[in-house]
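*Asks:* Could you have a look at this structure, given as structure tokens, before my questions?
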Amino acid sequence: MHRTFRWITLAISMAAAFPAAAQDAEVPEPVRQLVEKFNDDEIPFNDKPVILGNENAPVTGVFVFGLSENTSWMVNRAFSSIKKHIKSGQLKLVVIEMPLTWHDMQAFAGFRCVAPEKHWAVLEDAVSNPRYAGRMKNDSLMNAPDHIWSMMRGNGVEREKAERCMRNTAIVGHIEAQRRVVKDTWGTEIAPSFIIGDKLITDPTSDSAIIAAIESALKGNAQ
Amino acid sequence: MKALAIRLSGAVLVCLLSATAHAGGGSAPSSSMGAGSKIEKINKHAVKSVLVVRQLLAQNGAPGIKP
């Protein structure tokens with residue numbers, strides 16, 4: 001279960017590696033139907049990344065966050081030791097979203113209309129149960145708002161506005177931009193991933209490599 | 001079935017993202033011009049947002065991001 005989404009990211013990478021072939025690809029009908037429902041409204045949204053920890057922490061890391069069972073496992077089972085470094089003021093973690101499917105695109109876009117101070121809580125809720133993302137992705141693209149709304153409910157955004165956010169070209173463009181920056185900067189499309197100093201840790205199966213990278217970075221700063 | 005559904009979802013994203021560069025062009029069937037136009041807009045927004053995202057990451061000291 002923990003490895004379910006690895007092949008998806010590989011598929012994306014393969015497409016990027018063969019742009020000539022990809023140009024001939026047709027947009028599948030479900031995507032056409034979805035995208036035709038998108039709006040160009042000018043909707044204010046939170047374009048800032050989630051920052052966990054003290055802004056002056058000696059080490060800054062990046063958490064590439066996906067709506068996947070793997071990210072769910074990481075946040076729910078292996079995050080406590082990382083949180084200790086955050087709470088102690090040693091680590092600042094910048095969270096960046098990595099959409100793996102068009103379900104994720106809609107979800108991350110919807111979350112951008114939640115108040116910035118609640119953004120991390122919504123992301124945590126979205127992966128609090130590893131089945132949430134799986135259920136959403138087993139359903140059609142058009143039905144994604146039903147699943148996303150259940151993750152957003154209670155965060156001060158009415159359903160009608162939430163759906164407009166999920167399918168807004170500017171907000172979805174912002175989510176896609178994050179995917180491009182992660183791919184172009186750190187060369188990965190795998191979520192979860194962590195970047196600590198010069199170390200890229202993709203799809204970790206425990207927190208040990210992350211903690212080691214944090215402690216190595218702290219030692220490097222101390223020298 | 002679950003694996004198939006996930007595989008399809010992944011393929012959907014692959015196809016759309018790879019199509020962004022030329023979507024909305026003259027070769028698109030007339031019935032899909034609405035989708036092509038939207039895809040083109042998403043792509044334009046993404047190109048602009050890349051600069052914003054990089055700037056915000058740099059401001060926050062993300063490793064590997066040059067200001």
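*Asks:* Give me a count of the residues in segment B:58-67 that are at the interface with another protein chain (Cβ under 7 Å from one of its Cβ atoms) and in contact with a helix residue (DSSP H, G or I) (Cβ under 7 Å, 6 or more places away or on another chain).
*Replies:* So the count comes out to 2.
*Asks:* Now, a different point. Being assigned to a helix (DSSP H, G or I), out of contact with any Asp or Glu (no Cβ under 6 Å at 6 or more places or on another chain) and free of Cβ contacts under 8 Å to residues at least 60 places away in the same chain: is that true of A:Ser150 here?
*Replies:* So A:Ser150 passes the test.
*Asks:* Which count do you get for residues in segment A:31-44 that are within 11 Å of another protein chain (Cβ to nearest Cβ), touching a residue at least 40 places away in the same chain (Cβ under 8 Å) and either assigned to a loop (DSSP other than H, G, I, E, B) or small (Gly, Ala, Ser) (or both)?
*Replies:* Summing the residues that are within 11 Å of another protein chain (Cβ to nearest Cβ), touching a residue at least 40 places away in the same chain (Cβ under 8 Å) and either assigned to a loop (DSSP other than H, G, I, E, B) or small (Gly, Ala, Ser) (or both) in segment A:31-44 gives 3.
*Asks:* How about segment A:76-98: which of its residues are at pLDDT below 95, under 28 Å from A:Ile171 (Cβ atoms) and in a helix (DSSP H, G or I)?
*Replies:* Within segment A:76-98, A:Asn76 is the sole residue that qualifies.
*Asks:* Select from segment B:33-43 the residues that are at the interface with chain A (Cβ under 7 Å from one of its Cβ atoms) and farther than 10 Å from A:Ala177 by Cα and write down the one among them that is surrounded by the fewest Cβ atoms within 10 Å (Cβ to Cβ).
*Replies:* B:Gly34
*Asks:* Quick one: is A:Ser140 at pLDDT below 95 and among the hydroxyl-bearing types (Ser, Thr, Tyr)?
*Replies:* When the stated conditions are applied, A:Ser140 does not pass them.
Residue by residue, here is whether (1) facing chain B (nearest Cβ under 7 Å); (2) within 18 Å of the chain's Cα centre (by Cα); (3) on the phi < 0 side of the Ramachandran plot holds:
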position: A:Ile175; (1), (2), (3): no, yes, yes
position: A:Arg180; (1), (2), (3): yes, yes, yes
position: A:Thr188; (1), (2), (3): no, yes, yes
position: A:Gly197; (1), (2), (3): yes, no, no
position: A:Ile201; (1), (2), (3): no, yes, yes
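*Asks:* Consider A:Arg131 carefully, then state whether it is over 17 Å from A:Ile43 (Cβ atoms) and out of contact with any helix residue (DSSP H, G or I) (no Cβ under 7 Å at 6 or more places or on another chain).
*Replies:* yes
*Asks:* Go through (1) over 16 Å from A:Val50 (Cβ atoms); (2) modelled with pLDDT of 95 or more; (3) not β-branched (Val, Ile, Thr) and name the single condition A:Ala133 misses.
*Replies:* Condition (2) is where A:Ala133 drops out.
*Asks:* Could you name every one of the helices (runs of 4 or more DSSP H) located completely within segment A:159-223 that has at least 1 residues being of a type in the set (Phe, Trp, Tyr)?
*Replies:* Where helices (runs of 4 or more DSSP H) fall fully within segment A:159-223 and carry at least 1 residues being of a type in the set (Phe, Trp, Tyr), they are A:169-186.
*Asks:* Then there's this: Cβ-Cβ below 6 Å, separation at least six or inter-chain, first residue in segment A:47-72 and within 10 Å of chain B (Cβ to nearest Cβ) and surrounded by 24 or more Cβ atoms within 10 Å (Cβ to Cβ), second part of a loop (DSSP other than H, G, I, E, B) and not aliphatic (A, V, I, L, M): which pairs?
*Replies:* Close Cβ pairs satisfying both conditions: A:Ser68/A:Phe5.
*Asks:* Assuming A:Ser140 fulfils every condition listed in (1) within 23 Å of B:Ala62 (Cβ to Cβ); (2) outside any helix (DSSP H, G or I) apart from one, which condition is it?
*Replies:* Every listed condition holds for A:Ser140 apart from (1).
The values are calculated or read from the model by the stated rules, or taken from the named source; none is laboratory data. For clarity, every value in this text was computed on a predicted model and none was experimentally measured. Please note: Cβ atoms are built from the backbone with ideal geometry, for glycine as well, and neighbour counts cover all protein chains shown.
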